[in-house]
Amino acid sequence: MTGGIDIAIIWAFIIAFAVFVYVVMDGFDLGLGILFPLFPAKSDRDVIMNSVAPVWDGNETWLVLGGGGLMAAFPLAYAVLMPALYTPIIAMLIGLVFRGVAFEFRWRTTQQQQNRWDIAFAGGSLLAALAQGIALGAILQGVHVEGRHYAGGWWDWLTPFSILTGLAIAVGYALLGATWLVLKTAGDLRDKAYHLCWYLLFAMLGAIAAVSIATPFLHKQYEARWFAWPNILLTAPVPLAVAAVTVLLLRSLAAKQDSRPFFLTLALFALSYAGLGVSMYPYIVPQSITIWQAASPANSQIFMLFGVSILIPLILGYTAWAYWVFRGKVRAGSGYH
Amino acid sequence: MFDGFGAVELARAQFAFTMSFHIVFPAFSIGLASYLAVLEALWLWSGRDVFLDLFKYWLKIFAVAFGMGVVSGIVMSYQFGTNWSTYADKTGPVIGPLMAYEVLTAFFLEAGFLGVMLFGLERVGHRLHFLATLMVAIGTLISAFWILAANSWMQTPAGYAVNADGQFVTESWLGVIFNPSFPYRLVHMVLAAYLTTALVVGAVGAAHLLRNRNLAGARVMFSMAMWMATLVAPLQILAGDQHGLNTLEHQPAKVMAMEGHFTSHPNGAPLVLFGLPNQAAGKVDYAIEVPRLSSLILKHSLDAPLAGLDTVARDNWPPVPIIFWSFRIMVGMGFLMLGLGLLSLWMRCWGTLYESRLLHIFATAMGPAGFVAVLAGWFTTEVGRQPFTVYGVLRTADSASPLAAPAVGSSLLAFVIVYFIVYAAGLTYLFRLMAQPPQHGEQGPSGDMASHAAGITPAAGVAAEGAVR
């Protein structure tokens, strides 16, 4: 990859950024679906849907950017990972289809059918979250590559570790969803969400701990990356920061500061995500393909870099405006729908 | 269920299936977004309520259709990797950036302003709301630009080289984007989207006029739609003809299949109207032909020679029967649209546009014609690209993922089941919305419901401390 060294790293950060923004934006949105069965009242469900209806489509666009960007900037990684993650990806897509159409469909049906689309929304969201978590676990544990192709079977992704990461992501998204409700709703609905936050936070901390303990056992390289001297000077602050954010989060939940828990939960996600980056770098397909091996020719990456450097700030700008237009608490009877 | 099919056939079936379900929604929403922008502009400019009523009426339909387009589109963006990973690896450096630009310049623009367009009329000013509608409409057109550039590059690749890893790399981005078939395909597709939408709008208007010919909203939408059919159908036939000539230059085998020309005709080729193309025997059975007309259409000369598939290596033949028929269906629909446009113009001149039951029945029946033509046209061009994914350079058989048939078969089956459930429901809701006549004081999808509700019960509004506005 002549002359592509620096720009390949820039692109690795851009893709990582797109995926993280996706997790930030669609995580709570999927989380609301996961929590749906716990809010059986129609009025609560209407409020929950209305809190996200104007923005969900933009949230999912980041997933398209992550996928499309990966194909454009690191085609080899895209070509190896997609067949390796075949079943989880298909399951995620199907989940997203069901939950995506539910946003409009549930308002267009008679009472009894509406319930059916509520089930589609909840089931689709849970399926998509589990599939994303499983895909993450499958990537971390590494895939079998020969030449420029995936050479494993179509069930290789299924291991206890990938199931663990699947559950971890689902729990994490549920916590994001619950803290979003704390931020965006009021009254009994908000109180119930506060209550759920406690359980979900402990579940998420348990999941972070379990994944953190299991990861170094997957590969010697992960262990060396985290615990070898002098790396530990750089890696040790990550768990310390997780502990600090957790304390702040617990305090904000106890003090019922509506606007805080959501953003602190996002901080927990950011730290976990940074931890993943520490484990994976410089591989894009762990233990087989580095970011430089997978990179597109420099001229493809440069061509896109022009667009990204101008358009991403613009996109973040008008997305923020859309959130601003629909800011504040959503209440029964005064939703957007 | 799919025993006996190879992984490549199943992957192709999956692409054809998911793409066919997807394409009808963008085709409809490109046209509808522009129509909504026109309606809102007319309302702001004239202040007539009927335009606002029609805007809100079609906005509800747009919301449902757009959502279905988005979810089926996410499926497409991952399918290149799941089923066509070798293709993705090889063409990623060329096609990938075009799709990345589509996401950055179009998808985000549409998604970012969609919420305000759907739910924000009472939250932001009218002008700002119009800006949101305009951004969504422009977004759909930008999206068409990039995806058709990518698609056209697969048909008529240009501006590339091949590197040591066997990947296509770009030598000239302008060459890649503005490849030889792109301008023709872009014009043809955008016109197709506008016609498709006009026919749906016209059919809905006509169906309501059949019940009540004095309905103001139905009259306005029907008249607007018929103007579109009158003006755009002839333009589309002209654009299609030009696109065909471009295809003859760059992908002659596709035109040979469309025309059913298995053999070469050195002294003027006949136009095969109908017949049963027999791929194995290399001839058209029971052909009904008009002598020399094909040469006249394609070469503008009655006795110009036209080469046939006998000049193309047999393993490079596309599947002729599919292309032969899909092309005829598309052209037939095009001429029916022209007929509708001309008939409506005639009735309009005689002042019977809103009275003629014959015209209203014809227009209602033509509602799905645009979708049929779009699908038939895509089948013609995409099947006509076979047996290649990148025309003449990369074979379909060498593009697939290294997956076993059961994996691809299972995912195909899953998509078939899911799409039938989701699309059956979606179409039911769309028909239900269209079956309602547009009302005076039409409700939107709903921000207005929200603010109306708040307006009706001010107590709730007051109680909502911290509530939005």
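Each reported figure results from applying straightforward, stated rules to the coordinates on display, with no laboratory input. Just so you know, these numbers come straight off a predicted model, no measurement behind them. Using ideal geometry, Cβ is built from the backbone for each residue, glycine included, and neighbour counts are taken over all protein chains shown.
A few comments on the model shown:
- Listed by Cβ neighbour count within 10 Å, with the fewest neighbours leading, B:Lys90, B:Lys56 appear as B:Lys56, B:Lys90.
- Cβ charges +1 (Lys, Arg) and -1 (Asp, Glu), total dipole of chain A, debye: 660 debye
- Averaged over the residues of A:318-329, the number of partner chain Cβ atoms lying within 10 Å of the residue Cβ comes to 5.
- Cα gyration tensor, segment B:116-185 - rounded (a/c under 1.5), prolate or oblate: prolate
- Per-q log10 I(q)/I(0), segment A:246-337, q = 0.14, 0.20, 0.23 Å⁻¹ (Debye; single scatterer per alpha-carbon; no solvent): -0.91, -1.10, -1.14
- 5 angstrom amide H check on B:Glu289, placed H, neighbours 5+ away: B:Leu273
- Histogram of C-alpha separations across the protein assembly as shown, 10 Å bin width, %: 2, 13, 22, 24, 20, 12, 5, 2, 0, 0
- The value obtained for segment A:238-290, namely the Cα convex hull volume divided by the number of residues, is 60 Å³ per residue.
- Among A:Gln141, A:Cys197, A:Thr109 the positive-end extreme of the charge dipole of segment A:74-226 (Cβ point charges): A:Thr109
- Shape of segment A:1-146, Cα gyration tensor, a/c cut at 1.5: prolate
- Debye-sum result for segment B:134-223 in log10 I(q)/I(0), which assumes one identical scatterer on each alpha carbon, at q = 0.10, 0.22, 0.25 Å⁻¹: -0.45, -1.00, -1.11
- Translational D in µm²/s for segment B:212-390 (Stokes-Einstein at 4 °C, 1.567 mPa s, Kirkwood Rh from C-alpha pairs): 72 µm²/s
- Descending semi-axes in whole angstrom, ellipsoid equivalent of segment A:5-325, from the Cα gyration tensor: 32, 23, 20
- The residue list A:Ala170, B:Phe15, B:Gly166 was ranked by how far each Cα lies along the charge dipole of the protein assembly as shown toward its positive end, using unit charges on Cβ atoms, and A:Ala170 comes out on top.
- Under 23 Å from the Cα of A:Lys329 - lysines, other chains or at least 8 residues apart: A:Lys42, A:Lys184, A:Lys192, A:Lys256
- Rounded to the nearest 20 debye, dipole of segment A:179-337 from Cβ charges on Lys, Arg, Asp, Glu: 420 debye
- Each helix, a run of at least 4 DSSP H residues, gives -39500 (n - 2.57); summed and divided by the residues of the protein assembly as shown, these come to -24500 deg cm²/dmol at 222 nm.
- Hydrodynamic radius (Kirkwood) for segment A:153-225, which is based on Cα pairs only, to one decimal in Å: 14.0 Å
- Cα-Cα separations in segment A:182-292 greater than 24 Å, expressed as whole percent: 37 percent
- Residue order for B:Thr428, A:Thr61, fewest other beta carbons within 10 angstrom first, comes to B:Thr428, A:Thr61.
- Converting the Cα gyration tensor eigenvalues of segment B:74-229 into ellipsoid dimensions via √(5λ) gives semi-axes, longest first, of 39, 20, 14 Å.
- With the largest listed first and rounded to whole Å, the semi-axes of the equivalent ellipsoid of segment A:69-160 from the Cα gyration tensor are 33, 14, 9.
- Mean separation of Cα pairs under 8 Å and 6 or more residues apart, divided by the residue count, gives segment A:209-337 a relative contact order of 15 percent.
- For segment B:239-372, averaging the sequence separation of C-alpha pairs within contact (under 8 Å, six or more residues apart) and dividing by the residue count gives a relative contact order of 23 percent.
- Ranking of A:Thr265, B:Thr18 by count of other Cβ atoms within 10 Å, fewest first: B:Thr18, A:Thr265
- Peptide A:287-296 - average C-beta neighbours from other chains (10 Å radius): 1
- Rg to Rh, two decimals, where chain B supplies the alpha carbon set and Rh follows Kirkwood: 1.00
- For segment B:32-153, Kirkwood radius (reciprocal of mean inverse C-alpha pair distance, Å): 15.7 Å
- Farthest toward the positive end of the dipole of segment B:212-390, out of B:Phe262, B:His243, B:Trp346, is the Cα of B:Trp346, where the dipole comes from beta carbon charges about the Cα centre.
- Taking amide H as placed 1.01 Å from N in the peptide plane, B:Lys283 has its amide H under 5 Å from the amide H of B:Asn278, each at least 5 places away in sequence or on another chain.
- Taking the average, over residues, of other Cβ atoms within 10 Å as the packing measure, peptides B:168-176, B:359-367 rank B:359-367, B:168-176 from highest down.
- Cβ charges +1 (Lys, Arg) and -1 (Asp, Glu), total dipole of the protein assembly as shown, debye: 1440 debye
- Normalising the average separation of contacting C-alpha pairs (under 8 angstrom, six or more residues apart) by the number of residues puts the relative contact order of segment A:5-325 at 23 percent.
- A:Ala224/B:Arg395 FRET efficiency (R0 41 Å; Cβ-Cβ; nearest 0.05): 0.40
- More than 19 Å apart - percent of Cα-Cα pairs taken over segment B:347-404: 60 percent
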